[in-house]
1. Could you give the alpha-carbon Rg of segment 152-269 over 2.2 N^0.38 Å, rounded to two decimals?
2. Taking 7 Å along the Cα-to-C-beta vector as the label spot, tell me the residue 262-residue 173 distance in nanometres, rounded to one decimal.
3. For segment 251-268 and segment 91-129, write down the distance between their C-alpha centroids in whole Å.
4. With a Förster radius of 45 Å, plug the Cβ-Cβ distance of residue 58 and residue 213 into 1/(1 + (r/R0)^6) and report the FRET value to the nearest 0.05.
5. Which value, in debye to the nearest 20, describes the size of the charge dipole of segment 152-269 about its Cα centre when Lys and Arg Cβ atoms bear +1, Asp and Glu Cβ atoms bear -1, and nothing else is charged?
Amino acid sequence: MSERNHNGRGGRDRKPRNNKGRDFKGDSRKKKSFSPQRSGYREERINRRMSDPDIPAEVDVNDLDPMVLQDLKSLSKENSEAVAKHMIMAATWMEDDPKLALRHARAAKDRAGRVAIAREVNGIAAYRAGEWKEALAELRAARRISGGPGMLAVMADCERGLGRPEKALELGRADEASELDEESKIELAIVLAGARLDMGQAESAVVTIQRAHPDRDARGVSACRLAYAYGNALLEAGRKEEARDWFEHAVSIDEGDWTDASERLEECK
């Protein structure tokens, strides 16, 4: 989530995770449904595949994370290769052309709807494209399939995008939040602080960030984003001097131009 706005929402370059520990046992045959398909289903499926975005010939499935390739082994060889290539293209275009990335992600999902990582990639791409409802639905599906906390921060940010900050806060209180790694906990705190600001609760936003323990000795993108979010919450709460200190700190550790903290400093004068 980049700082496209000041309250925590945005499209930080999120790559599909390895999702270690997910249990794909290859028993999908036991769950196969023999109920009749709705009329026109086969034709729709063929039409969707005919309209799939093109994949350059040089795309190599081996460029995909080995753990992701392992997840795709439940599919036929031809199908798994197509899904892998669409995933690679989704990641390739995520930053520069989110709409095209989403088309590739949808194509992968249409071919691998029961594979958690395919749903997750579709969710991330939809999020980056601003399709909050689709993103939320896909990330929920991925979490149902794989178990674990899933991408709680992105899901919470989708709720904000849909104008439901209170739902974002509910996700932050979920038991699964305690299972997140440190980076994901920071991302969730930033989103929850943004939800508080959406509701006009600036002091609560400050407290939310404080609970994530912003540290002046920490470095890296997560530490920088947390410092930025802390400065933003303090500024919204009218604590301009403190906000300036944290924006200055964010500037000092922003090695990758991750934030617009230098511009925000102007607001603290």
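1. Numbers: Rg = 13.6 Å, N = 118, 2.2 N^0.38 = 13.5 Å.
The value comes to 1.01.
2. About 4.2 nm, to one decimal.
3. Segment 251-268 and segment 91-129 have Cα centres spaced 30 Å from each other.
4. Efficiency at R0 = 45 Å is approximately 0.50.
5. On the way: 15 positive and 27 negative charges, 77 e Å.
Once rounded to the nearest 20, the dipole reads 360 debye.
Readers should treat all values here as calculations from the given coordinates under stated rules, not as data from a laboratory. Small disclaimer: the values here were computed from a predicted structure and weren't measured. Cβ sites come from the backbone with ideal geometry, for glycine too, and all protein chains shown count toward neighbours.
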